[in-house]
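Colleague: Take a look at the following structure, please.
The values are calculated or read from the model by the stated rules, or taken from the named source; none is laboratory data. In this text the structure is predicted, and so the values were computed from the model without any measurement. Note that we place each Cβ from the backbone using ideal geometry, even for glycine, and neighbour counts take in every protein chain shown. Heavy atoms of the whole protein, side chains included, go into the accessibility calculation; ligands, DNA and RNA do not. Shrake-Rupley method; radii C 1.70, N 1.55, O 1.52, S 1.80 Å.
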Amino acid sequence: MDLIIASKSETRQRILSCALISTKAISPQIDEDSITRSLVAENATPRDIADTLAEHKAKKVSIKNPETWVLGGDQILAFEGEVFGKPETPNALKRTLTRFSGQTHRLITANVIYKNAEPVWRHVAVSHMTMYPITEADIESYVAEAWPNAQHTAGGYYFEENPHLFSKVKGNWFDIMGLSIEPIVGFLNRQNSELKFRPPKLAAVLGHPISHSKSPRMHGHWLKTNSISGDYIAIDIPPQRFSETLRVLITAGVLGFNVTVPHKEKALLLSDHRSATAEKIGAANTLVIDVNGKINADNTDGYGFITNLRSHCKHWVPEAGPALVLGAGGASRAILVSLLEAGVPKIYLSNRTPQRALDVASKLSPLIEVISWEHKEHCLTKIMTMVNTTSLGMTGKPPLKIDISTIKPAALVADLVYAPIETPLLKQAKTLGCSAVGGIGMLLYQGVPGFEAWFGIRPVVNAEIEALVIQ
Ligand code: ATR
């Protein structure tokens with residue numbers, strides 16, 4: 001079944017494609033400004049303005065394509081008796097944001113479907129958006145940075161990139177994005193009993209910064225290859241707004257999250273239920289939101305790490321001997337907990353800043369012995385597993401200076417670094433006859449439990465997704 005969308009909006013096309021609805025986009029070329037001006041002059045309500053504009057777009061395209069369903073959409077913001085569309089200039093955007101600062105405005109999303117040049121369905125959604133107070137300086141820097149994208153969105157605040165600008169939202173994510181997908185899916189399914197479209201489920205990775213994250217590509221691939229109606233996006237949240245923005249996203253219907261640096265500890269503290277592993281690690285990387293909006297927190301980093309080791313090295317026996325772990329940062333805690341759970345009898349922990357290692361060891365287990373960074377090589381003859389959890393050896397970071405020539409050839413050496421795919425440490429390990437396992441697989445496997453919880457299918461980790469993620 002084909003649907004024409006009478007719009008240039010990539011966001012609306014993306015929502016339909018995430019719902020597995022095949023579409024063709026045709027730009028309707030109507031003069032929105034003059035239509036809006038005349039409607040305002042006639043004292044039309046904001047609801048009527050959005051609905052009329054959506055109708056004009058659908059009608060124009062339907063006249064030339066009478067046989068096909070044509071969907072038109074429009075968004076208008078309403079505040080203190082005035083309506084706001086897309087900002088015309090950066091200064092107009094600054095004025096709009098100054099008006100909205102600290103206030104609640106309505107975001108009206110209208111969708112109309114036409115067939116044979118006649119309207120057959122219409123829907124108007126009203127979202128209530130409450131913005132934090134924003135200083136003039138913040139408005140200046142936001143507009144300077146965001147204008148290229150913001151100018152194309154109603155109100156110009158580009159919610160998908162900036163949910164942290166809002167203290168409260170009463171509305172659904174897809175309505176706010178400009179397409180009321182749930183009722184649209186309902187309409188299409190009613191037209192033909194063979195159609196079984198579902199509204200997309202939405203999950204996101206939250207971090208700061210986040211643009212480097214490989215998770216959207218990974219989960220996007222799993223959604224596509226499993227033909228699931230869903231989307232997975234990356235959202236940058238500044239640390240000081242994490243809790244509030246998470247609440248806003250949950251209210252908007254986002255049903256699952258991955259959480260990365262620097263929000264993992266906060267995510268655990270905010271959760272309503274925590275897995276024992278997340279509690280032990282002291283951080284959460286996977287959040288599942290239940291039907292009552294409660295947050296279930298888990299930490300799948302250790303699971304990802306161990307599953308990756310076992311899949312690359314079938315003969316790895318954790319009980320065979322002690323492990324050496326380098327680094328005592330956030331990533332290290334998950335590795336230590338998972339190694340102990342797997343049965344490693346003892347762990348030597350070495351960190352440049354010894355106090356950090358001592359703190360971690362005292363919290364986690366008496367089986368962890370802290371050794372000095374300068375003499376970390378001394379334990380190599382005794383260990384059967386070695387893991388680098390520091391960022392040393394990563395592209396752009398200093399090298400990891402260690403001579404592992406005394407390690408047993410039967411030992412396994414793992415590096416959490418995955419750029420480059422084969423670090424100098426792994427190269428050294430291979431020349432000594434050791435098994436060497438890189439970090440990319442951990443990234444892939446840690447995503448599996450979350451994906452299954454949110455979308456209902458356990459995804460497969462294979463060479464195809466590995467190649468896609470390392471691109
Ligand atoms: P992550 O959450 O990724 O583990 P982190 O908490 O910042 O990140 O920890 C980074 C780890 O790499 C720490 O163990 C850090 O050592 P310090 O605790 O002494 O900071 C280690 N690290 C980073 N740069 C390092 C360097 N140049 N030499 C030695 N260790 C380094």
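Colleague: For a label point 7 Å from the Cα of T395 along Cα→C-beta, name the residues of segment 408-440 whose backbone N is under 13 Å from it.
Modeller: Residues passing the 13 Å test: 418-423.
Colleague: Long-range amide H contacts for E369: which residues qualify at under 5 Å (H placed 1.01 Å from N, peptide plane, sequence gap of 5 or more or a different chain)?
Modeller: I347, Y348, L349
Colleague: Please give the peptides 250-259, 188-197, 24-33 ranked by average Cβ packing (other Cβ atoms within 10 Å per residue), highest first, as a rough proxy for protection. Don't skip to the answer; put the middle values down first.
Modeller: Working: 250-259: 22.0, 188-197: 12.2, 24-33: 14.3.
The peptides rank, most packed first, as 250-259, 24-33, 188-197.
Colleague: Excluding ligands and nucleic acids, what accessible area in Å² is computed for R241 using a 1.4 Å probe, to the nearest 10?
Modeller: Rounded to the nearest 10, that gives 60 Å².
Colleague: Under a 1.4 angstrom probe, counting protein chains only, how are M218, M442 ranked by accessible area, largest first?
Modeller: Values: M218 0, M442 25 Å².
Order by accessible area, largest first: M442, M218.
Colleague: Among the GluC sites (Glu not before Pro) within segment 51-146, which fall in a DSSP loop and have no more than 12 other Cβ atoms within 10 Å of their own Cβ?
Modeller: On the way: sites: E55, E67, E80, E82, E88, E136, E140, E145; in loops: E67, E80, E88.
For GluC sites (Glu not before Pro) across segment 51-146 that sit outside H, G, I, E and B with at most 12 neighbouring Cβ atoms in 10 Å, the list reads E67, E80, E88.
Colleague: On to the next question. Of Y114, Y303, which has the most accessible area with a 1.4 Å probe, and how do the rest follow in descending order? Please report the intermediate quantities before stating the final value.
Modeller: Numbers: Y114 5, Y303 85 Å².
If we order Y114, Y303 from most to least accessible, we get Y303, Y114.
Colleague: Looking at the P(r) of segment 62-137, how many percent of alpha-carbon pairs lie beyond 13 Å?
Modeller: So the pairs more than 13 Å apart make up 72 percent of the total in segment 62-137.
Colleague: Compute the angle between helix 301-312 and the longest alpha-carbon principal axis of the chain, please, reported from 0 to 90 degrees and rounded to the nearest 10.
Modeller: 70 degrees
Colleague: Does anyone have the angle between helix 440-455 and the longest principal axis of the chain? Alpha-carbon axes, 0 to 90°, nearest 10?
Modeller: 50 degrees
Colleague: Considering only protein heavy atoms, with the full assembly of protein chains and a 1.4 angstrom probe, order K94, K294, K170 by accessible area, largest first. Write down the numbers at each step before the final one.
Modeller: Working: K94 45, K294 95, K170 130 Å².
In descending accessible area the options line up as K170, K294, K94.
Colleague: Could you list the trypsin sites (Lys or Arg not before Pro) in segment 367-471 that lie in coil according to DSSP, counting only those with at most 11 other Cβ atoms within 10 Å of their Cβ?
Modeller: Working: sites: K376, K382, K401, K427, K430; in loops: K401.
Passing both the DSSP loop test and the Cβ count: K401.
Colleague: Place a +1 charge on the Cβ of each Lys and Arg in the chain and a -1 charge on the Cβ of each Asp and Glu, then give the dipole magnitude about the Cα centre in debye, rounded to the nearest 20. Write down the numbers at each step before the final one.
Modeller: Numbers: 48 positive and 45 negative charges, 181 e Å.
Using only the charged Cβ atoms, the result is roughly 860 debye.
Colleague: Compute the long axis of helix 181-191 from its Cα atoms, compare it with the longest principal axis of the Cα atoms of the chain, and write down the angle in degrees, 0 to 90, nearest 10.
Modeller: 70 degrees
Colleague: Next question, about the same structure. Could you compute how much accessible surface Y348 exposes when probed at 1.4 Å, giving the result in Å² to the nearest 10?
Modeller: 20 Å²
Colleague: What lysines does K115 reach when the alpha-carbon gap must be under 17 Å and sequence neighbours fewer than 8 apart in one chain are set aside?
Modeller: Straight-distance partners of K115: K24, K57, K59, K60, K64.
Colleague: Give the total of Lys-Lys pairs in segment 302-438 with Cα-Cα distances below 23 Å; include a pair only if its members are 8 or more places apart or on different chains.
Modeller: 25
Colleague: Hey, can you rank 125-135, 320-330 by average C-beta count inside 10 Å, highest first? Don't skip to the end; give the middle numbers.
Modeller: Details: 125-135: 16.4, 320-330: 22.0.
Packing proxy ranking, top to bottom: 320-330, 125-135.
Colleague: Heavy-atom accessible area of L223 with all protein chains present, probe 1.4 Å, nearest 10 Å²?
Modeller: Looks like 10 Å² after rounding.
Colleague: Summing +1 for each Lys or Arg and -1 for each Asp or Glu, what net charge is found among the other residues whose Cβ lies under 15 Å from the Cβ of V83?
Modeller: Working: positive: R37, R47, K86, R95, R99, R106; negative: E32, D33, E42, D48, D51, D74, E80, E82, E88.
It works out to a net charge of -3.
Colleague: Is there a quick way to get the dipole size of segment 302-438? I mean about its Cα centre, with the Cβ of Lys and Arg at +1 and of Asp and Glu at -1; what is the value in debye to the nearest 20?
Modeller: 100 debye
Colleague: Counting each DSSP H run of 4 or more residues in the chain as -39500 (n - 2.57), what helix-only mean residue ellipticity at 222 nm follows after dividing by all residues, to the nearest 500 deg cm²/dmol? Numbers along the way, then the final one.
Modeller: On the way: 17 runs with 182 residues, N = 471.
Value at 222 nm, helices only: -11500 deg cm²/dmol.
Colleague: Placing +1 on the Cβ of each Lys and Arg and -1 on the Cβ of each Asp and Glu in the chain, which of Y232, S372, I5 has its Cα farthest towards the positive end of the resulting dipole?
Modeller: Selected residue: S372.
Colleague: With a cap of 14 neighbouring Cβ atoms within 10 Å, and only residues DSSP puts in a loop, list the GluC sites (Glu not before Pro) found in segment 350-382. Intermediate values should be presented prior to the final figure.
Modeller: Working: sites: E369, E374, E377; in loops: E374.
In loop regions of segment 350-382 (DSSP not H, G, I, E or B), the sparsely surrounded GluC sites (Glu not before Pro) are E374.
Colleague: With the Cα gyration tensor of the chain giving a ≥ b ≥ c as the square roots of its eigenvalues, does the rule (a/c under 1.5 for rounded; else a/b larger than b/c for prolate; else oblate) give rounded, prolate or oblate? Mind dumping the intermediate values first?
Modeller: Working: a/c = 2.80, a/b = 2.11, b/c = 1.33.
Note, shape of the chain comes out prolate.
Colleague: Report the one residue of T104, A154, N296 whose Cα lies farthest in the direction of the positive end of the charge dipole of the chain (charges on C-beta: Lys and Arg +1, Asp and Glu -1; origin at the Cα centre).
Modeller: My answer, from the dipole projection, is N296.
Colleague: Indicate the gyration tensor shape class of segment 10-49 (rounded, prolate or oblate), computed on the Cα atoms with a ≥ b ≥ c the square roots of the eigenvalues: a/c under 1.5 is rounded; otherwise a/b larger than b/c is prolate and the rest oblate. Mind dumping the intermediate values first?
Modeller: On the way: a/c = 4.69, a/b = 2.36, b/c = 1.99.
In terms of gyration-tensor shape, prolate.
Colleague: Suppose R0 equals 51 Å. What FRET efficiency, 1/(1 + (r/R0)^6) with r the Cβ-Cβ distance, do S365 and T225 give to the nearest 0.05?
Modeller: Details: r = 40 Å, r/R0 = 0.78.
It comes out at approximately 0.80.
Colleague: Once you sort the root eigenvalues of the Cα gyration tensor of segment 3-191 as a ≥ b ≥ c, which label holds: rounded (a/c under 1.5), prolate (a/b larger than b/c) or oblate (the other case)? Intermediate results must be reported in sequence, preceding the final value.
Modeller: Details: a/c = 1.95, a/b = 1.66, b/c = 1.17.
Since a/c reaches 1.5 and a/b is larger than b/c, the shape of segment 3-191 is classed as prolate.
Colleague: Simple spin-label model, 7 Å along Cα-to-Cβ: E374 to I470 in nm?
Modeller: 3.8 nm
Colleague: Same structure again: Expressed as a rounded percentage, what relative contact order does segment 11-79 have, with Cα pairs under 8 Å and six or more residues apart?
Modeller: On the way: 51 pairs, mean separation 19.6, N = 69.
Once divided by the residue count of segment 11-79, the mean separation gives 28 percent.
Colleague: Taking the Cα centre of each part, how many Å lie between segment 183-214 and segment 293-329?
Modeller: First find each Cα centre; the distance between them is then 32 Å.
Colleague: State, as an integer percentage, the relative contact order of the chain based on alpha-carbon contacts under 8 Å between residues 6 or more apart.
Modeller: Working: 968 pairs, mean separation 47.2, N = 471.
Value for the chain: 10 percent.
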